[in-house]
1. Please give the number of the condition residue 71 fails out of (1) in contact with a helix residue (DSSP H, G or I) (Cβ under 9 Å, 6 or more places away or on another chain); (2) surrounded by 15 or more Cβ atoms within 10 Å (Cβ to Cβ); (3) within 16 Å of residue 129 (Cβ to Cβ).
2. Could you say which residue among 29, 109, 71, 93 is at pLDDT 95 or above, within 16 Å of residue 138 (Cα to Cα) and part of a loop (DSSP other than H, G, I, E, B)?
3. Restricting to helices (runs of 4 or more DSSP H) lying wholly in the range 134-212: which have 1 or more residues that are at pLDDT 90 or above, touching a Pro at 6+ places or on another chain (Cβ under 8 Å) and surrounded by 14 or more Cβ atoms within 10 Å (Cβ to Cβ)?
4. Of the numbered conditions (1) small (Gly, Ala, Ser); (2) touching a Leu at 6+ places or on another chain (Cβ under 7 Å); (3) buried (at least 23 other Cβ atoms within 10 Å of the Cβ), residue 18 satisfies every one except a single condition; which is it?
5. Looking at the range 1-26, which of its residues are polar (S, T, N, Q), in a loop (DSSP other than H, G, I, E, B) and either under 26 Å from residue 112 (Cβ atoms) or at pLDDT below 95 (or both)?
6. Could you count how many residues in the range 119-133 are among the polar types (S, T, N, Q), touching a helix residue (DSSP H, G or I) at 6+ places or on another chain (Cβ under 6 Å) and not in a loop (DSSP other than H, G, I, E, B)?
7. Which of the residues spanning the range 147-202 are over 19 Å from residue 117 (Cβ atoms) and among the small types (Gly, Ala, Ser)?
Amino acid sequence: MKEMVILVPSRNRPQNIADLIVALDETETEADLMVIVDDSEPQMDAYLELDCDIFMVAKDGRGMAKPLNATANHFRNKYHHFAFLGDDHRPRTKNWDLIFIEALHEMGTGLVYGDDLIQGENLATAICMTGDIVRALRGMVPPKMIHLYLDNFWMKLGKDLDKLKYIPEVILEHMHPIAGKAQMDQGYVDVNAPDVYSADLAAFTDYIESREYQKLVEALR
């Protein structure tokens with residue numbers, strides 16, 4: 001197995017990935033980068049010209065949850081650790097991936113996150129988890145989710161396992177419109193629609209109250 005992969009779902013934002021690659025280079029990141037696009041991507045040629053691996057998935061509704069799960073599940077036996085970054089996250093800390101890997105090695109099983117300069121310790125908008133979680137979950141988030149409440153799930157799972165570590169010296173800046181660090185585009189509008197909020201809240205609540213979730217926690221303890 002290789003040590004760590006960074007999974008980044010993206011749509012119609014190849015420039016974001018170009019900027020992310022620069023940030024990874026500047027921070028001397030050693031982990032593999034895997035950018036996830038769907039087969040209806042309107043700027044596919046621009047993505048394919050980037051200096052990174054592209055993993056293509058079938059278009060299946062809105063949001064990043066299904067593409068993220070499909071890709072993590074596909075590579076579940078090839079990496080020890082799995083990180084998620086949005087295409088609007090920018091690592092700012094040198095060797096941040098090695099810091100995460102060291103923490104996860106000490107934990108054995110668990111999840112770690114850094115400071116996104118918006119939510120801080122309150123919410124893991126970017127995450128890194130051990131591969132046994134991915135293999136048990138067959139992805140990185142519960143099924144039936146679309147885009148939102150994924151970070152809430154990671155916080156909940158980590159706390160229920162007593163295996164969640166916040167590493168504030170790792171900066172993974174979230175260049176999000178809510179912080180005035182990016183322009184609102186149609187992608188943000190689509191996944192922050194009221195129906196997505198209500199559907200994802202229901203999916204999150206149903207899952208963490210399910211026997212399936214109880215079994216997941218029991219298996220990982």
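1. Here residue 71 meets the rest and fails (1).
2. 109
3. Ranges flagged: 150-161, 194-208.
4. (3)
5. Scanning the range 1-26 gives a single hit, 10.
6. Looking only at that region, the number is 1.
7. 158, 187, 193, 198, 199, 202
The values are calculated or read from the model by the stated rules, or taken from the named source; none is laboratory data. Predicted model, so just to flag it, every value in this text is computed and none were measured. Cβ coordinates were reconstructed from backbone atoms using ideal geometry, including for glycine residues, and neighbour counts include every protein chain displayed.
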